[in-house]
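Asker: Once you've had a glance at the structure underneath, I'll fire off some questions.
The values are calculated or read from the model by the stated rules, or taken from the named source; none is laboratory data. Keep in mind the model is a prediction, meaning the values are calculated, not measured. Every residue, glycine among them, receives a Cβ derived from its backbone with ideal geometry; neighbour counts consider all protein chains shown. What goes into the accessible areas is simple: the full protein's heavy atoms, side chains included, and nothing from ligands, DNA or RNA. Shrake-Rupley method; radii C 1.70, N 1.55, O 1.52, S 1.80 Å.
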Amino acid sequence: DFCLSRGLGDVYKRQAQGVGLAAPQVGFLKRIFIMDIGEGPIECVNPVILKENGKQRVVEGCLSCPDEWGYVTRPNKVKLRAQNRKGEFFEISLVGLGAQCASHENDHLDGRLFIDKVEEFINPEED
């Protein structure tokens with residue numbers, strides 16, 4: 001679908017600045033995010049986190065909140081179900097950074113920002 005492809009294109013252009021970006025962050029009001037944790041981009045349309053396991057306390061930032069950094073607790077493992085741009089369903093298991101990114105981006109789709117979950121704000125320049 002042209003609208004979906006154009007929206008994904010807009011997300012791709014901005015995603016290069018981080019490991020993930022949700023469509024609402026660029027004004028495209030669809031349940032879509034793209035993430036790239038080093039193995040190439042993963043397009044997630046209508047994603048649902050089916051299962052979460054473990055916890056990891058990590059430092060996060062966000063393109064929506066420039067210059068804000070803090071510790072958040074995210075799942076260490078997630079099982080995600082989504083569609084690709086052709087509407088085909090897929091499931092993927094993610095660990096560590098992948099789980100963190102999927103959880104962070106999925107929060108955007110539900111109207112939550114990482115600053116809503118921050119346990120402790122930090123200044124990374126002081127570390």
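Asker: How tilted is helix 2-15 with respect to the longest principal axis of the chain? Cα atoms for both, answer in degrees (0 to 90, nearest 10).
Answerer: Once rounded, the angle reads 30 degrees.
Asker: With every protein chain left in place, what is the accessible area per residue of the chain in square angstrom, probe 1.4 Å?
Answerer: Heavy-atom SASA per residue in the chain reads 56 Å².
Asker: Suppose only helical runs count, i.e. DSSP H with n ≥ 4. What mean residue ellipticity at 222 nm does that imply for the chain under -39500 (n - 2.57) per run, divided by all residues and rounded to the nearest 500 deg cm²/dmol? Don't skip to the answer; put the middle values down first.
Answerer: Numbers: 2 runs with 27 residues, N = 127.
After summing the helix terms and dividing by the residues of the chain, the value is -7000 deg cm²/dmol.
Asker: Now, a different point. Let me spell out the model: positive unit charges on the Cβ of Lys and Arg, negative unit charges on the Cβ of Asp and Glu, origin at the Cα centre of the chain. What dipole size does that give, in debye rounded to 20?
Answerer: My answer is approximately 680 debye.
Asker: For Y71 paired with K55, estimate the spin-label separation in nm (one decimal), with each label point 7 Å from Cα along the Cα-to-Cβ line.
Answerer: 1.2 nm
Asker: Where does the charge balance sit around V58 when Lys and Arg score +1, Asp and Glu -1, over other residues with C-beta under 13 Å from its C-beta?
Answerer: Here the charged neighbours net out to +1.
Asker: Follow-up. At 7 Å along the Cα-to-beta-carbon direction for both V26 and L63, put a label point, then send me their distance in nm to one decimal.
Answerer: Simple spin-label model gives 0.6 nm for this pair.
Asker: Let me ask something else about it. Explain nothing, just the number: relative contact order of the range 59-127, from Cα pairs under 8 Å at least 6 residues apart, as a whole percent.
Answerer: Relative contact order comes out at 38 percent.
Asker: Still on this structure, I have one more. May I ask for the angle, rounded to the nearest 10°, between helix 97-109 and the longest principal axis of the chain, with both axes built from Cα atoms and the value confined to 0 to 90°?
Answerer: With both axes taken from Cα atoms, the answer is about 70 degrees.
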